[in-house]
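Everything on this sheet refers to the single structure shown next.
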Amino acid sequence: MALIIKGLSKHFKNSEKATLNEINLEIKTGEFVCIAGTSGCGKSTLLNLVAGLDKPTEGEILVDGNRVTGPGADRTVMFQEHGLFPWLSVIENVKFGMKIAGMSNDVQEKRALYYLEMVHLQDYKDYPIHQISGGMRQRTALARALSMDSKVLLMDEPFSALDKQTSNMLREELQKIWMETKKTILFITHSVEEAVYLGDRVVVLSPVTGSIADIIKIDIERPRHVYATEFVNLRHQILAEVRGEAV
């Protein structure tokens, strides 16, 4: 198992109820798992705990048997905001994390070019960040995250701030990249369609109890198409469950 979450609970001091309550989840190496649910159900809190950016009230998180006690090189996070440095070029932004990790210049260059080609930005590698579009910035952020080659990639609604057309394009790109790399991914989303499109499994969190309401296996062949009958039926099923938990 790449990631094991055992008895995880989080209770903030200013809240009467637990944000997360007794979360138990195992994610296999190479699995793409989506966490879905309405606002306030604890999706981002869960990701922050796995990232080591916050500490649980109870329970533990293990990555390949090692307990998470803080941020680490075995996990890379990609947030909704790209977090790129505007004074650096596209390729220098991709190299930044590798440089901090102490990788050699040759490794930085080779990996940066490899992943920029994977996200179709090789022709824009020397562009300043302010000269490229929002979608291209998120693709740069994705290349940067992939270049770290961590065991687990954590993605917190990375496409939600983009327009629908750009978001759909990036979902398609991410699906292709995952099929090629088989990276272990924990993906937070408020979009049921996005969860069904990307995930091997969809974990629905309940905003009422702070626990897992259901885990649905997405047994649809890839690449997936949003208008296929089985896709539409499954999307409706999970959407009804998410709405039911919110009510």
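Bear in mind that the values in this text are calculations on the coordinates, not laboratory data. Model, not experiment: these values are computed from the prediction. Counting neighbours? That spans all protein chains shown, and the Cβs are built from the backbone with ideal geometry, glycine included.
Note on segment 85-149: the alpha carbon radius of gyration divided by the globular reference 2.2 N^0.38 Å gives 0.97. Rg and Dmax, both from the Cα atoms of segment 1-130 and both in Å, are 17.9, 52.
Taking max minus min of the alpha-carbon positions on each principal axis, the chain gives extents of 49, 43, 32 Å, largest first.
Cross-link pairs exceeding 30 Å in C-alpha to C-alpha distance, out of 13/176; 6/95; 125/176; 10/164; 43/176, comprise 13/176; 6/95; 10/164.
The share of alpha-carbon pairs in segment 122-172 lying farther apart than 13 Å comes to 62%. Label segment 183-247 by shape, choosing from rounded, prolate and oblate, from the square roots a ≥ b ≥ c of the eigenvalues of the Cα gyration tensor; if a/c is under 1.5 it is rounded, and otherwise prolate applies when a/b is larger than b/c, oblate when it is not. Verdict is oblate for segment 183-247. P(r) for segment 74-188, from all Cα pairs and a bin width of 10 Å, is 15, 51, 32, 2 %, short bins first.
Among 187, 85, 159, sorting on how many other beta-carbon atoms sit within 10 Å of each Cβ, with the fewest leading, yields 85, 159, 187. For segment 131-232, count the residues as N, evaluate 2.2 N^0.38 Å, and divide the Cα radius of gyration by that value, please. Compactness ratio reported: 1.12. Distances between placed amide hydrogens fall under 5 Å for residue 200 paired with 32, 33, 34, all partners being 5 or more residues away or on another chain.
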